[in-house]
Amino acid sequence: MEGGKEQGMLVVTGLMAHQNPLEQLQAKFKEVEKGFKAWLDKQSMPVEAAVVTATGAVQGAAIGALMGTLTKDVSSSFPTPPQASLNHQAMASLKQAQALSGAPWVQARNFAVMTGVNAGLACVMKRLRGKEDVQSRWTLLILVFFILFVFSFCCFTASGYC
């Protein structure tokens, strides 16, 4: 009987040794994430909001840098036409398109601001309301307002957009 138990243990150990390295990495990542979330749940609201905002900004910067690298610098493909030939709405639309294009560091900054503010505000609203209701119409309205508010300070210069 004991020989069967030992043999069973060897089989399980042998399976773990032959597991896909990506699956092992995913399992380790999930374990670290679970520990991080458990630690974060024990923190006060300001600490949790700051940590969530920072991690959201880091994730956004990585996504933005990747997007900026993949799209290269497409801002040159948006030439600025003469002011007299466009109405105000068309010019604003063109400036918005130029703001979302640019070098990888520009994209990284823009995405970092948007995702960091979104993550931080969603965290605060979750703590205040006691439930996560990001799909609510009012919650989305508040999130978009603050994201654009912060984005306008960070990414728009005196001469226009980024």
Helices (runs of 4 or more DSSP H) wholly inside the stretch 3-116 containing at least 1 residues that are among the β-branched types (Val, Ile, Thr), modelled with pLDDT of 90 or more and surrounded by 15 or more Cβ atoms within 10 Å (Cβ to Cβ): 45-71
Return the pairs, sorted by first residue and then second, in which the second residue is among the acidic types (Asp, Glu) and in a helix (DSSP H, G or I), the first residue lies in the stretch 52-73 and is without any contact (Cβ under 8 Å) to a residue 24 or more places away in the chain and within 13 Å of residue 106 (Cβ to Cβ), the beta carbons are less than 9 Å apart, and the residues are 6+ apart or on different chains. none
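The values are calculated or read from the model by the stated rules, or taken from the named source; none is laboratory data. Please read all numbers here as calculations on a predicted model, not as lab measurements. Every residue, glycine among them, receives a Cβ derived from its backbone with ideal geometry; neighbour counts consider all protein chains shown.
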